[in-house]
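Okay, structure first, notes after.
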Amino acid sequence: MKIKLILSICLLIASITSLVFASAHDEPTDTVISETDLGITVENGRIYIDVKDAEIRQVLAEISRKAGIQLTMDEGIGGPISLKAEGVGIEEILGRLSESRALVFQGLGDDNSYRIVRIAACSGSELQDKESPSLPEESAAPSSASGKKTPNNEGNRKTYDSKGRLMYEPSELLVRFREGTTEEQIAGLNKSLGSRVIKRIDRLRLYRVRIKDGTTEEEAIERYQSSDLVDRVERHALRYAQSTTPNDRYFSDLWGLKKIKAREAWDITTGSSDIIIAVIDTGVDYTHPDLASNIWVNMEEFNGEAGKDDDSNGYIDDIYGWDFADGDNDPVPLPLTETNNKQDHGTHVAGIIAAEGNNSIGVAGFCWKAKILVLKVQPDRELYMQTFAIIDAMQYAMDNGARIVNCSFGGEGYDESEKAEIAKLMDADILTVCSAGNETSNNDTTPVYPASHNLDNIISVGASTDTESLASFSNYGPTSVDVMAPGVSIKSTIPAAAYTAASVTFETTTCTATGMAFAGITNDLGLTSTVLNCHLGYPDQFPDGIGGKIALIKKGELTFYEKVSNARDRGTAGVIIYNNEPEIFTGTLGIPGNWPPVVSISGTYGLALLELAIETASPVTATIVNSAANQPSSYGIKYGTSMAAPHVSGLAALILSRKPALSYGDVRSAIIDSVDKISSVSEKIASGGRINALASLQWVRINPGDISGDGMIGLDDAIMSVQIAVGESPPILADCLSKGADVNGDGKIGLEASIYVIQKVAGLR
């Protein structure tokens, strides 16, 4: 099988190479193609053709003779073609032939003269063409065969814009019909073309249609243009909001995200909840209101039996991850105290990666929707992390779907077992992002691990400042440190549980409350609405009209999760749960979700509010405040390469959100090869620069092998890959290589890349 595959590839390369050399070395001529007779019919300017394995030059000769159209083509272009079409225009015929032969046709200023002269090639984000030197200066965009002026379709061949976003709805057109056209005529035309109407604006006679499968937008446009019923037809263009800026309260403090063009990247994607990032660190406050919705949850354990290993993975009740240092299922760090002030590190790192964006509170993470897998490896009240726990955590990350592992830690002691485990992550296609260290030293000569392990799936990250320099404390390494990312004065989440600002106010009474873990939050002014008694929170105990109101529910019988789920299902605006004892209490909804604000109060205040709700003739109004996430003490500023690494992890998550099928190598290349070059670190950082989120997402918008940059891998890419491999290059610029045409990462398009493209075209990959 392998021998047959190699022979097939070699034969295909040989045939394409002969075509390449013929087209590259022969000058175009104006010789009229010889005539023959293949039974092609032309009626009223429309062409009917059904040929199989006919010589392309003979087909064009007969069309030229019968349609009265002058057709010329470069010498060296030839070979058999098969084509079937009924009642189409000349441009559709030429378009199909050009597409099947990786050629492009050019109109020569009128409806009756065309030449096939060029091959498309990528230049930056545009499609540039190989011009024939003999083309006249007055050559203009061709008019359609129907006599109508071709609309301005500049860029219509492009699939993505300069930010990597779709420019047009695939397989859709906007068709405006002429005044006086009847519904029957419109329906008949759409039916004849196999189009389906999605929507229409009657007063404008504008129809949004989905075209028939197997028909390109360009083919469908020409078919609509050929009808006298149609006033205008064009592809369905897409528009995007400009420069996404989240409404998070402290976003203005996040200089790093602005510097690396995160806002522009968010115009392309803000992330996906399908991407899991393992944060191996001091633990994470997974109840933090700015993190709770983006915490990974082991649903099998959450819905399982307490005290039982429901998923049989060796960890009992590992709902939110695991504490590998202390050997329990609670990976939340200890509360901060004067003597225990280092436990907020992991929460800070998690916020940089994936604090919920655009939720009106706190900060925005790099990837607004990714899931954080919490893996605690630092023992309570200690400052060290043991590699045994780290290795265990890495295995857990691998077993639970992580695509990225963030390692904001390091040490100078080499550990072969740690390296072997990261190599296993590499085999599992997992990117490992490591902080370079804060000792102002050269990692090339004084390695810091795990950043300095020589493994392809590691990105080692140094810290940059807001003035585009290497931070004074940051380690560096001309070969061992890959990129810089913001690491100075970085604001992010820190454990918030001890700083909950919750209260309930009714009439002249304000009582202290406790916000439920994972509950929705309010702004500082709180939520004000009518209070209705909902008893114990069973589904049938919610009165009519509870929607938009505050539910007052007594503690007991049902779990908090069940009570509040029932309240949420009825559309309540908020929930107050009062104790069945005089004291206040704490509680948790157990899982992140789209919860309303929920606070708990003492039985004493609960009964007082209940009495008012039952006995007062007029409705009782209360105000709930649960604004922990907007308290300054819920956020903190830190410095270090530990802060730089999660910027890279967040960017990697954003890239994978855009294209989940990318390998760790693709993601690594997208980040490293698209940095902003900084002259001051050209000899200190391997990439010579600082990450650029927008550039990284633009890097991945072209698939490996898509040399023409048109969003597809076809025969044109195969021809150009061979042209480049044999030294007869079309006009393709180097940035095409950096955007994905370099399929094997060696910085050039050689024989291996050509074989890859040809295999893709042949359906062998």
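The values are calculated or read from the model by the stated rules, or taken from the named source; none is laboratory data. The structure displayed is predicted, hence computed values, not measured ones. When we count neighbours, we look across all protein chains shown, and the Cβ atoms used for this are built from the backbone with ideal geometry, even at glycine. When the accessible area is computed, the model is the full protein with side chains, heavy atoms only, and any ligands, DNA or RNA have been set aside. Shrake-Rupley method; radii C 1.70, N 1.55, O 1.52, S 1.80 Å.
Restricting the first member to the stretch 176-199 and to residues that are closer than 12 Å to R223 by Cα, and the second to residues that are assigned to a strand (DSSP E or B), the beta-carbon pairs closer than 7 Å and six or more apart or on different chains are N190/V197; N190/V209; S195/V209; S195/R210.
Report whether or not A389 is among the small types (G, A, S), at pLDDT below 95, farther than 29 Å from P246 by Cβ and not in a loop (DSSP other than H, G, I, E, B). If you could, list the steps in order and put the result at the bottom.
Working: among the small types (G, A, S): yes; at pLDDT below 95: yes; farther than 29 Å from P246 by Cβ: yes; not in a loop (DSSP other than H, G, I, E, B): yes.
The answer is yes for A389.
Taking the stretch 666-685 as the range and being more than 11 Å from S696 (Cα to Cα), open to solvent by less than 50 Å² (accessible area, probe 1.4 Å) and either part of a loop (DSSP other than H, G, I, E, B) or touching a Pro at 6+ places or on another chain (Cβ under 8 Å) (or both) as the test, the residues that pass are I678, I685. Inclusion of V279 among residues that are touching a Phe, Trp or Tyr at 6+ places or on another chain (Cβ under 9 Å), of a type in the set (A, V, I, L, M) and not in a helix (DSSP H, G or I) is not warranted.
Is it fair to say I577 is crowded, with 17+ Cβ neighbours inside 10 Å, closer than 25 Å to H288 by Cβ and either touching a Ser or Thr at 6+ places or on another chain (Cβ under 7 Å) or free of Cβ contacts under 8 Å to residues at least 24 places away in the same chain (or both)?
Numbers: crowded, with 17+ Cβ neighbours inside 10 Å: yes; closer than 25 Å to H288 by Cβ: yes; either touching a Ser or Thr at 6+ places or on another chain (Cβ under 7 Å) or free of Cβ contacts under 8 Å to residues at least 24 places away in the same chain (or both): yes.
Criteria met by I577.
Could you list, in sequence order, all residues of the stretch 453-494 that are among the polar types (S, T, N, Q) and more than 30 Å from Y286 (Cα to Cα)? Don't jump to the end; show me each part of the working.
Here is the first cut: in the stretch 453-494, the residues among the polar types (S, T, N, Q) are 454, 457, 460, 464-465, 467, 469, 472, 474-475, 479-480, 489, 492-493.
N454, T467, S469, S472, N475, T479, S480 - these are the residues of the stretch 453-494 that are among the polar types (S, T, N, Q) and more than 30 Å from Y286 (Cα to Cα).
Only residues that are within 16 Å of D274 (Cα to Cα) and not in a loop (DSSP other than H, G, I, E, B) were counted in the stretch 346-373, giving 5. In the stretch 358-396, the residue that is most open to solvent (accessible area, probe 1.4 Å) out of those that are more than 18 Å from D326 (Cβ to Cβ) and small (G, A, S) is S360. Of the strands (runs of 3 or more DSSP E) contained entirely in the stretch 426-520, those carrying at least 1 residues that are among the hydroxyl-bearing types (S, T, Y) and open to solvent by 10 Å² or more (accessible area, probe 1.4 Å) fall at 502-506, 509-512.
So which of K554, K563 ends up being within 21 Å of C511 (Cα to Cα) and of a type outside the set (F, W, Y)? I'd like the intermediate steps shown before the answer.
Numbers: K563 fails: within 21 Å of C511 (Cα to Cα).
The unique qualifying residue is K554.
For the stretch 490-500, the count of residues that are touching a Ser or Thr at 6+ places or on another chain (Cβ under 9 Å), of a type in the set (K, R) and in contact (Cβ under 8 Å) with a residue 12 or more places away in the chain is zero.
Here G283 passes the criteria (1) buried (at least 21 other Cβ atoms within 10 Å of the Cβ); (2) on the phi < 0 side of the Ramachandran plot except the one numbered (2).
Kindly evaluate A628 against the criterion of being more than 30 Å from A693 (Cα to Cα), surrounded by 20 or more Cβ atoms within 10 Å (Cβ to Cβ) and touching a His at 6+ places or on another chain (Cβ under 9 Å). When the stated conditions are applied, A628 passes them.
Considering only residues that are closer than 18 Å to K261 by Cβ and either charged (D, E, K, R) or modelled with pLDDT of 90 or more (or both), look in the stretch 695-721 and name the one that is surrounded by the fewest Cβ atoms within 10 Å (Cβ to Cβ). Break it down into steps so the answer makes sense when it comes.
Within the stretch 695-721, the first condition is being closer than 18 Å to K261 by Cβ, and the residues that meet it are 695-701.
Among the residues that remain, those that are also either charged (D, E, K, R) or modelled with pLDDT of 90 or more (or both) are: 696, 701.
Numbers: S696: 27, R701: 24.
Filtering the stretch 695-721 for residues that are closer than 18 Å to K261 by Cβ and either charged (D, E, K, R) or modelled with pLDDT of 90 or more (or both), the one surrounded by the fewest Cβ atoms within 10 Å (Cβ to Cβ) comes out as R701.
Scan the stretch 236-267 for residues that are assigned to a loop (DSSP other than H, G, I, E, B), in contact with a Ser or Thr (Cβ under 8 Å, 6 or more places away or on another chain) and among the basic types (K, R) and the total you get is 1. Here are the criteria: (1) farther than 23 Å from T604 by Cα; (2) open to solvent by 40 Å² or more (accessible area, probe 1.4 Å); (3) touching a Lys or Arg at 6+ places or on another chain (Cβ under 8 Å). Tell me which single one I546 does not satisfy. Result: I546 fails condition (2) only.
Is it the case, given these coordinates, that A397 is of a type in the set (A, V, I, L, M), outside any strand (DSSP E or B) and farther than 19 Å from Y286 by Cα? So A397 fails the test.
Looking at the structure I just gave you, is G346 of a type in the set (G, A, S), under 20 Å from Y449 (Cβ atoms) and under 30 Å from the mean Cα position of the chain (by Cα)?
Numbers: of a type in the set (G, A, S): yes; under 20 Å from Y449 (Cβ atoms): yes; under 30 Å from the mean Cα position of the chain (by Cα): yes.
Answer is yes for this residue.
Taking the criterion of being of a type outside the set (G, A, S), buried (at least 18 other Cβ atoms within 10 Å of the Cβ) and within 23 Å of G462 (Cα to Cα), the residues of the stretch 397-418 that qualify are R403, I404, V405, N406, C407, F409, E418. The residue list L174, L193, L206 contains one member that is open to solvent by less than 60 Å² (accessible area, probe 1.4 Å) and within 14 Å of S226 (Cβ to Cβ), which is L193.
Just so you know, in the stretch 631-642 the residues that are open to solvent by 10 Å² or more (accessible area, probe 1.4 Å) and touching a residue at least 24 places away in the same chain (Cβ under 8 Å) include one that is nearest to G437 (Cα to Cα), and it is S642.
Tallying residues that are β-branched (V, I, T) and at pLDDT 90 or above within the stretch 520-530 yields 2.
A single entry from V233, V284, V297 fulfils the requirement of being outside any helix (DSSP H, G or I) and closer than 30 Å to I691 by Cα: V284. Pairs are defined by a Cβ separation below 6 Å, a sequence spacing of at least 6 or placement on different chains, a first member in the stretch 651-671 that is over 21 Å from I372 (Cβ atoms), and a second member that is open to solvent by 10 Å² or more (accessible area, probe 1.4 Å) and modelled with pLDDT of 90 or more; the pairs so defined are S663/D429.
Looking only at the stretch 252-288, count how many residues are within 17 Å of L651 (Cα to Cα) and in contact (Cβ under 8 Å) with a residue 12 or more places away in the chain. Number of matching residues: 25.
Residue check: is A645 on the phi < 0 side of the Ramachandran plot, open to solvent by 30 Å² or more (accessible area, probe 1.4 Å) and not basic (K, R)? Spell out the reasoning first.
Working: on the phi < 0 side of the Ramachandran plot: yes; open to solvent by 30 Å² or more (accessible area, probe 1.4 Å): no; not basic (K, R): yes.
Against the criterion (on the phi < 0 side of the Ramachandran plot, open to solvent by 30 Å² or more (accessible area, probe 1.4 Å) and not basic (K, R)), A645 does not qualify.
Okay, residues lined up against (1) open to solvent by less than 30 Å² (accessible area, probe 1.4 Å); (2) under 30 Å from G362 (Cβ atoms); (3) among the hydrophobic types (A, V, I, L, M, F, W, C); (4) at pLDDT 90 or above:
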| position | (1), (2), (3), (4) |
| --- | --- |
| L532 | no, no, yes, yes |
| G556 | yes, no, no, yes |
| R570 | no, yes, no, yes |
| T586 | no, yes, no, no |
| I591 | yes, yes, yes, no |
| G603 | yes, no, no, yes |
| E611 | no, no, no, no |
| E615 | no, no, no, no |
| I624 | yes, yes, yes, yes |
